[in-house]
Amino acid sequence: MNEMSATPIRKIVHIDMDAFYASVEQRDNRDLRDKPIAVGGSAARGVVAAASYEARVYGVHSAMPSVTAKRKCPDLIFVPPRFDVYKAVSQQIREIFAEYTPLIEPLSLDEAYLDVTDNLKGMEIATEIATEIRARIKQVTGLNASAGISYNKFLAKMASDLNKPNGQAVITPKNGPAFVEALPVKKFHGVGPATAEKMHRLGIDTGADLKGKTLEFLVEHFGKSGPYFHGIARGIDERQVKPDRVRKSVGAEDTFSKDLHAYEPAREGLQPLIEKVWGYCEANGIGAKTVTLKIKYADFNQITRSKTVPGLLPAITDLEEIISLLLAPIFPPPKGIRLLGITLSSLERRAPGTEPQLRLAF
């Protein structure tokens, strides 16, 4: 009996829009087509929210400071974000998904998991479903999407990156475990820079190295994530696609290549994390009352600062303001800051008619 026999084989598709924000801007403005563009602020404190593939050739990517992006690509064109438009396009895409399955789990405005094991079209081959969905997205929105197809969420997510842009890939139950064994752990979805660094210190560089560790070892060093890492190292991920779930919290964090000592770079580094957690909440129709800021210093000591408000945060600008208020008092810091994180909790589904505001200040 193999290790996956206890888990029913499912057909999971991960759809990921290609350079979503930038592609929408190029679609709507002919002058931007085939040119390197960055959605975000061009000022000294600005951050790239999304980069077109023409800009990525120069090494420009999301979360990069605008000044760095401009240095890498002098011809880079900055475009202010239009989140109301991105949300409207995301809704069009969501309606296409719903033609195939009710089991849709959005991760953000531009990506989602779909369980098509029992689909509304009665189609047996998941790769054909993914091809059809991508064609429908192109027809309706004029935008390209990539897809990953596999028997679980982890591998579907990994597969969607293999043939980007405008492509798809499948990882079958037969080749899933071998694919994971050969993969560097830093490329695992769910393994951030800090966790990857910790794994490297423990001698874990590839999926094969991870597979060689016992469950007890992984729980000892990674706590509640231990069983998850133990499973995915074997190509096993039993998480279901949950369309209506409201998580207890949603968070994002980043480890910086150089320790931060000043307020401005720290606040700048938090902007992509703000957009990520807000985008998740927006895509899933939920709001938050509690904001927690995580600060990890160069010596690995860490502190958190939280604020809870009476009602759901109405706009991303409110989240930005709270983050700034929580961040400012820790400066000047006693030592360099190596990691910053944001967690939103006390999550609730938003009532109809209480749409959050999406305007971003750059």
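Every number here is computed from the coordinates shown, using simple stated rules; none is lab data. Keep in mind it's a predicted model, so treat the numbers as computed, not measured. All Cβ positions, even for glycine, are placed from backbone atoms using ideal geometry, and neighbour counts span all protein chains on display.
What ratio of Cα Rg to 2.2 N^0.38 Å holds for region 73-194? After normalising by residue count via 2.2 N^0.38 Å, the value is 1.17.
Overall shape: oblate for region 123-274, with the ratio a/c of the largest to smallest alpha carbon gyration tensor axis at 1.5 or above and b/c at least equal to a/b. Under 5 Å from the amide H of Val79 lie the amide H atoms of Ala38, Val39, Gly40, each residue being 5 or more positions distant or on a separate chain, with H modelled from the backbone and absent for Pro and chain starts.
Need one word for region 21-84: rounded, prolate or oblate. Basis is the Cα gyration tensor (sqrt eigenvalues a ≥ b ≥ c); a/c below 1.5 gives rounded, then a/b vs b/c decides. Taking the square roots of the gyration eigenvalues as a ≥ b ≥ c, region 21-84 is oblate. Basic side chains Lys and Arg get +1 at the Cβ, acidic Asp and Glu get -1 at the Cβ, and with that the dipole of region 176-232 about its Cα centre reaches some 140 debye. Annotation: peptides 160-171, 264-275, ranked by per-residue average of other Cβ atoms within 10 Å with the highest first, follow the order 264-275, 160-171.
At a 10 angstrom cut-off on C-beta neighbours, averaged per residue, how do the peptides 339-347, 148-156 rank from highest to lowest?
Result, highest mean Cβ count within 10 Å first: 148-156, 339-347.
Each peptide in 136-142, 283-289, 97-103 was scored by the mean count of other Cβ atoms within 10 Å over its residues; highest first, the order is 283-289, 97-103, 136-142.
Compute the Cα gyration tensor for region 219-291, then decide on rounded, prolate or oblate, letting a ≥ b ≥ c be the square roots of its eigenvalues: rounded whenever a/c is under 1.5, prolate when a/b is larger than b/c in the other cases, and oblate in all that remain. The shape class here is oblate. Here the chain is treated as an ellipsoid with the same Cα gyration tensor; its semi-axes, largest first and in whole Å, are 31, 27, 21. Rounded to the nearest Hz, the phi-derived 3J(HN,Hα) couplings of region 284-299 under the Karplus curve 6.51 cos²θ - 1.76 cosθ + 1.60 (θ = phi - 60°) are 9, x, 10, x, 10, 10, 10, 10, 10, 9, 10, 10, 10, 8, 4, 8, where x marks glycine and proline. In region 257-347, the alpha-carbon atoms span a convex hull of 90 Å³ per residue.
If you build the Cα gyration tensor of region 138-177 and take the root of 5 times each eigenvalue, what three semi-axes come out, in whole angstrom, biggest first?
Working through the eigenvalues yields semi-axes of 23, 9, 7 Å.
Going from the residue with the fewest nearby Cβ atoms within 10 Å to the one with the most, Val309, Val250 rank Val309, Val250.
Using a simple charge model, +1 on the beta-carbon of Lys and Arg, -1 on the beta-carbon of Asp and Glu, nothing else, what dipole does the chain show about its Cα centre, in debye to the nearest 20?
Dipole size: approximately 520 debye.
Shape annotation for region 176-232: C-alpha extents along the principal axes are 26, 21, 18 Å, from largest to smallest. What the Cα convex hull of region 1-155 gives, in volume per residue, is 131 Å³. Using θ = phi - 60° in the Karplus curve 6.51 cos²θ - 1.76 cosθ + 1.60, the 3J(HN,Hα) couplings for region 70-75 round to 5, 5, 6, 9, x, 8 Hz; x is entered for Gly and Pro.
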